[in-house]
Each structure stands twice: as structure tokens, then as C-alpha cells.
Amino acid sequence: MNTSLVPNSRNEGISVSVVVYRPDAAQFAQTIGSLAAAYDTLRAARLGVLLHLYVVDNGGFDAVATVLNDIITRGAECTVVAGQGNVGYGRGHNLAIERAASRYHLVLNPDIDLDANALIRAVEFFESHPDVGLLTPRIGDEDGHIQYLCRRYPTLLDLFVRGFLPASARRFFTRRLARYEMQDQINERDIVWDPPIVSGCFMLFRTDVLKKLAGFDPRYFLYFEDYDLSLRTHEIARVAYLPAVRVLHHGGGAARKGSAHIRMFASSAFKFFNRFGWKWL
């Protein structure tokens, strides 16, 4: 079922897709509120720019329309895609990506708060760097610290240490994790060109680049779809870390979400390494 909450029109501005499955309603409303504020700033600088928000409801959220009222009053178009069941993260976003008719498309998690200047700074960067196809922001945590979510190519040991070891044991791997997380390059000031892997919690693409890539690989139900898409993006466009674009991330790791997530993580890791090559240590 597709529910358009305002009449459709071709969107030459920005489209945004958010996939939800039994989300925290208050956090989701906060995310949409921050997106609305960032859209206000963008429209003030770019009169007439359109935003089309696609909420892909994979199940368990009856209050979608209520949450979207605020951003609709700002002039955004909103489409709820529902009824497909829980098709997974990447396939859910693909349902929106295939519909998008925008210049830029934002893949957004429902646990991200955007800074009010995030969209305008991203658009200005794209306009001055036509070779960039994917932008990743400065991602902070709730205490204001950087989350180092850009990655070098992982080994199995990196993934195990970062995802599953307790903090008391991870301290023995501090230097190794710092290298994997690109802590030698990611900071508050400097643009970093072509980080190998960027986080799927906020991926802002040129839509034509994303469509050439056919969106996410649907073989990943959850986890590693952003690793896969990042590596494929490098084949046709540049990737940039832009700290002037700032967001806040409320998310957590797979090990803290229970055994089902650990199994999904392991399954997706197997698919990823089979495709791109195994690195053990």
C-alpha cells in the first residue's frame, strides 16, 4: 500500500527515505522534527526547493501519519509505503529509491537528529564538487563526542572486537580499532576524501549515482548493506566526509540488541566477505 499524504509532483530537490520497524515513536518524531527544521533552513536559502519524504513502514507503527503532520505543514511531500511486510533495511529503502525523482537522495535512520544547517551545507558542497556522489556527515553521540563510523576495510577480528567484546577487553585493541575507525583522519575540521566505508545511518547521494548502483543489495536483510553500497559507490563517484554537516546518532551495536541481531550480523558478514574478499586478521 502506498499512501501519498499530499498530491505527487516531480521533485527536483531532495528525497529522503526512512525505514521503520516497530520504532520508538518519540525518537522517530524527534528525527522528523529535526528534518523539518533542516528543510526550513534549506528553503530559506533555496526558494522553491522541494523535499519528498518516503516513510517505509516494515510493520508495527500505526502512528506514521500523525508524526508527519509537522513536516507536511512545512510544504514537504510525504509518501508512506506500507503493506510489504518486514522486507529488511536495504530492500525497504529500495522501495523509496526506485520512486525517487530528485537531485539528491538521503538514506536516513529513524534515530538521527539533523543539525538545522545539515541540508543546506550538504547541498552547497555537492554544488561545488560535481565529482562527489556520496556524502557522509560528522556523526555525534548523545554526549557530543564523534562517533567514528567511517571505516577502513574490515577484518573478522576488527568486527568481533568492536561489536562483541566488553569495553574492559576492547582496551587491549585500542590502536587496532582506531585504525579501523579512521581516527587518524576523521575529525571536526577536515574534509576526508574517499573513506572506504561510511555509515548507513545518514548517506546523502546524488540520486542518479544511487540509481546507477540500483540502491542497496537486497541480499542483506540487515547489517553490512551500507558497507556493500559504500564500496560499490567508489566505482563510479567520489565519497566525502564533510564535518560541516552534523547529525546526532542515538543508535547501538548488534551485540546489545540480542541473539537474533547477532545471527543477522553474522549472516550479512558472511555475504559481505564472500563478495568483496575475506580478511581474517
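Tabulated results
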quantity: Residue under evaluation N94, criteria (1) buried (at least 22 other Cβ atoms within 10 Å of the Cβ); (2) touching a His at 6+ places or on another chain (Cβ under 8 Å); (3) of a type outside the set (G, A, S), criterion not met; calculated: (2)
quantity: Those residues of the stretch 145-176 which are touching a residue at least 40 places away in the same chain (Cβ under 8 Å) and not charged (D, E, K, R), in sequence order; calculated: I146, Q147, L149, C150, Y153, P154, T155, L156, L157, L159, G163, F164
quantity: Where a residue in the stretch 269-280 is closer than 10 Å to Y153 by Cα and free of Cβ contacts under 8 Å to residues at least 12 places away in the same chain and its partner, wherever it lies, is of a type in the set (F, W, Y) and loosely packed, with under 13 Cβ neighbours inside 10 Å, with Cβ under 6 Å and at least six apart; calculated: none
quantity: Test: R151 is of a type in the set (K, R), within 18 Å of the chain's Cα centre (by Cα) and within 22 Å of I262 (Cβ to Cβ); calculated: yes
quantity: Elements of type helices (runs of 4 or more DSSP H) in the stretch 28-134, at least 3 residues being closer than 27 Å to H261 by Cα and aliphatic (A, V, I, L, M); calculated: 89-97
quantity: Failed condition for F172, given (1) outside any strand (DSSP E or B); (2) more than 30 Å from W280 (Cα to Cα); calculated: (2)
quantity: Tally, over the stretch 187-236, of residues that are part of a loop (DSSP other than H, G, I, E, B) and hydrophobic (A, V, I, L, M, F, W, C); calculated: 10
quantity: Some residue of the stretch 192-204 being without any contact (Cβ under 8 Å) to a residue 60 or more places away in the chain, under 18 Å from A118 (Cα atoms) and hydrophobic (A, V, I, L, M, F, W, C); calculated: yes
quantity: Residue check, G133 more than 26 Å from N58 (Cβ to Cβ), in contact (Cβ under 8 Å) with a residue 40 or more places away in the chain and crowded, with 23+ Cβ neighbours inside 10 Å; calculated: yes
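Each reported figure results from applying straightforward, stated rules to the coordinates on display, with no laboratory input. Computed from a predicted model, the values in this text were never measured in an experiment. Positions of Cβ are generated from backbone atoms using ideal geometry, with glycine treated the same way; all protein chains shown enter the neighbour counts.
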